[in-house]
Amino acid sequence: MTAAKQLWLSLIGVNVLVVAGIAYSAFAPGASTKTMLLPGKTSHGHYQIEMRCDLCHTEGSGLREDACTSCHAEELRLAKDTHPASKFNDPTNAELLSVLDATNCVTCHREHVDEQTLPMGLTLPSDYCYHCHQETLETRPSHAEFKFDSCATAGCHNYHDNRALYENFLLKHADEDDFLDEMVGLAREPMLVDSEKSLSESDADAPEEWSGTDFDAVNVLNDWASTAHASAGVNCSGCHLQTPSDETEADFKSDPVWNREVSVQMCGTCHPGQMETFFQGHHGMRLAAGLSAMTPGNARISMHVDAAHRQLDCNACHSGHRFDTEYASVDACLTCHADDHSQAFLTTSHYAAWQNEIAGTAPAGSGVSCATCHMPRVEDDDGNVWANHNQNDNLRPNEKMIRDVCMQCHGLGFSIDALADPQLIENCFAETPVVHVESIDLVKARFEERQRKKEAGSKKK
């Protein structure tokens with residue numbers, strides 16, 4: 001083959017590839033085209049919303065100033081952020097900026113650099129603490145033998161959230177038993193029946209024509225009549241009579257239409273806290289970004305194959321019309337999650353305690369379900385108790401789980417040790433911890449030494 005013919009064939013091949021690329025971009029779904037153009041793999045925290053480039057980027061490749069804080073600012077505030085940007089904006093700490101520009105989130109958390117991304121989306125070398133805190137080796141001899149990259153290991157220190165690791169907190173809870181005398185968390189509020197508002201099956205206002213071969217009206221009405229919805233006077237129309245979502249504000253006068261599907265936003269009209277936190281977690285963040293609902297098939301962790309196409313909205317766990325919270329607390333989770341941690345739950349003492357609670361042989365709040373740890377109940381300023389539906393709120397770092405979850409039943413030391421043991425996490429805490437973190441021991445020794453010096457000084461006087 002002559003050189004000229006080889007050149008022509010090469011040019012034809014290049015043109016074919018270019019035309020194929022243009023054709024693919026023209027006819028393929030927008031998401032597929034965008035995926036092809038991503039500069040690199042996105043992190044575990046953001047891969048679900050990688051198709052919404054505009055959430056983080058300006059036109060082109062610029063980065064929005066509020067790209068991180070628009071989602072994480074409130075979380076950092078609640079965490080009492082140990083390293084807020086304001087600390088580094090203080091002129092007295094200006095020299096630290098030459099070591100680490102901690103005024104910008106992307107200094108530590110860059111996206112699309114999978115090859116250098118560590119747990120919690122960290123893209124710096126894991127010894128970043130050492131460069132600003134070298135004096136610790138001199139002021140605290142107890143730390144002299146620790147590895148230079150061990151500061152942020154489990155149970156020691158976190159960059160942002162140290163609410164369960166502050167010295168005073170560790171000392172306050174230093175001598176707690178592994179298992180507390182009273183092992184009860186926040187219980188679900190009992191269903192209250194309002195005799196004036198309560199509805200029965202005969203009160204249901206669903207249209208007569210709303211039926212069909214796939215709709216069992218009798219069972220649906222029976223289920224609905226047994227729920228808190230009916231007891232509170234929430235009729236069928238309260239959820240199913242909806243204003244079309246595609247209407248503009250100008251023509252928002254058309255009559256509501258009957259909709260068989262109930263959106264997350266409709267649930268949120270009565271359950272705003274649950275909706276808000278659902279949108280913040282991995283279950284609902286795609287919906288919050290205006291994308292289609294998350295499905296287990298798109299997850300990066302192990303899921304059951306037969307659950308691959310389940311769309312994650314309120315009904316995925318709270319199936320109508322019973323809205324069974326017992327089912328949602330365990331069975332709904334295990335319908336999708338197939339990882340070792342989830343599947344081991346049924347063999348644990350936590351699950352046994354949960355079975356006792358739902359059987360009525362143990363107090364309300366004494367059982368431990370999947371939701372107890374991953375969607376813990378919170379009490380708002382008005383005294384209302386509801387479940388935080390952001391299921392990854394207390395996972396990274398997992399010490400965020402200590403105060404609101406673990407310490408409802410266990411001592412602080414036991415909790416820290418358990419969360420620092422990878423094997424124990426994998427088997428869903430089926431055994432007691434074998435790993436021991438020295439944090440509390442070090443704090444006790446430090447305060448005892450201070451006390452000895454204080455007493456010695458008093459004697460000299």
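Some points to look at:
- Screening residue 357 on (1) surrounded by 15 or more Cβ atoms within 10 Å (Cβ to Cβ); (2) at positive phi; (3) without any contact (Cβ under 8 Å) to a residue 24 or more places away in the chain shows it passes everything except condition (2).
- Test for residue 333: is it in a loop (DSSP other than H, G, I, E, B) and within 30 Å of residue 383 (Cβ to Cβ): no
- Checking every residue in region 147-167 against the condition of being over 30 Å from residue 324 (Cβ atoms), at pLDDT 95 or above, outside any loop (DSSP other than H, G, I, E, B) and not charged (D, E, K, R) gives zero matches.
- Restricting attention to region 398-441, the residues that are of a type in the set (Gly, Ala, Ser), surrounded by fewer than 21 Cβ atoms within 10 Å (Cβ to Cβ) and within 22 Å of residue 367 (Cβ to Cβ) total 2.
- Residue among 351, 327 that is surrounded by fewer than 16 Cβ atoms within 10 Å (Cβ to Cβ), of a type in the set (Ser, Thr, Tyr) and assigned to a helix (DSSP H, G or I): 327
- Sole exception among (1) in contact (Cβ under 8 Å) with a residue 40 or more places away in the chain; (2) of a type outside the set (Lys, Arg); (3) surrounded by 12 or more Cβ atoms within 10 Å (Cβ to Cβ) for residue 177, by number: (3)
- Filter result (in a helix (DSSP H, G or I), in contact with a Ser or Thr (Cβ under 8 Å, 6 or more places away or on another chain) and under 15 Å from residue 65 (Cα atoms)) within region 77-109: 85, 105
- Within this structure, residue 142 passes the test of being polar (S, T, N, Q), modelled with pLDDT under 95 and not in a loop (DSSP other than H, G, I, E, B).
- Restricting region 180-194 to residues that are exposed (fewer than 11 other Cβ atoms within 10 Å of the Cβ) and at pLDDT 85 or above, the residue that is farthest from the chain's Cα centre (by Cα): 181
- Residue match in region 270-289 (condition: in contact with a strand residue (DSSP E or B) (Cβ under 7 Å, 6 or more places away or on another chain) and of a type outside the set (Val, Ile, Thr)): yes
Residues checked against (1) touching a strand residue (DSSP E or B) at 6+ places or on another chain (Cβ under 7 Å); (2) modelled with pLDDT of 95 or more; (3) polar (S, T, N, Q):
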{"site": "375", "(1), (2), (3)": "yes, yes, no"}
{"site": "385", "(1), (2), (3)": "yes, no, no"}
{"site": "389", "(1), (2), (3)": "no, yes, no"}
{"site": "396", "(1), (2), (3)": "no, no, no"}
{"site": "400", "(1), (2), (3)": "no, yes, no"}
{"site": "403", "(1), (2), (3)": "no, yes, no"}
{"site": "410", "(1), (2), (3)": "yes, yes, no"}
{"site": "413", "(1), (2), (3)": "no, yes, no"}
{"site": "416", "(1), (2), (3)": "no, yes, no"}
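- Hits in region 412-461 - residues which are of a type outside the set (Gly, Ala, Ser), touching a residue at least 40 places away in the same chain (Cβ under 8 Å) and not in a helix (DSSP H, G or I): 427, 428, 429, 432, 437
- Selection within region 5-41 - outside any helix (DSSP H, G or I) and modelled with pLDDT of 75 or more: 38, 39, 40, 41
- Of residues in region 209-240 being more than 17 Å from residue 266 (Cβ to Cβ), outside any helix (DSSP H, G or I) and of a type in the set (Gly, Ala, Ser), the one modelled with the highest pLDDT: 226
- Qualifying residue in region 107-121 (condition: over 24 Å from residue 435 (Cβ atoms), in contact (Cβ under 8 Å) with a residue 40 or more places away in the chain, among the hydrophobic types (A, V, I, L, M, F, W, C) and buried (at least 16 other Cβ atoms within 10 Å of the Cβ)): yes
- Some residue of region 50-62 being surrounded by 13 or more Cβ atoms within 10 Å (Cβ to Cβ), without any contact (Cβ under 8 Å) to a residue 60 or more places away in the chain and under 29 Å from residue 447 (Cβ atoms): no
- Residue check for residue 309: farther than 24 Å from residue 270 by Cβ, at pLDDT 95 or above, surrounded by 17 or more Cβ atoms within 10 Å (Cβ to Cβ) and not small (Gly, Ala, Ser): no
The values are calculated or read from the model by the stated rules, or taken from the named source; none is laboratory data. In this text, all values refer to a predicted model and were calculated from it rather than measured experimentally. A quick note on method: Cβ atoms are made from the backbone with ideal geometry, for glycine too, and the neighbour counts reach across all protein chains shown.
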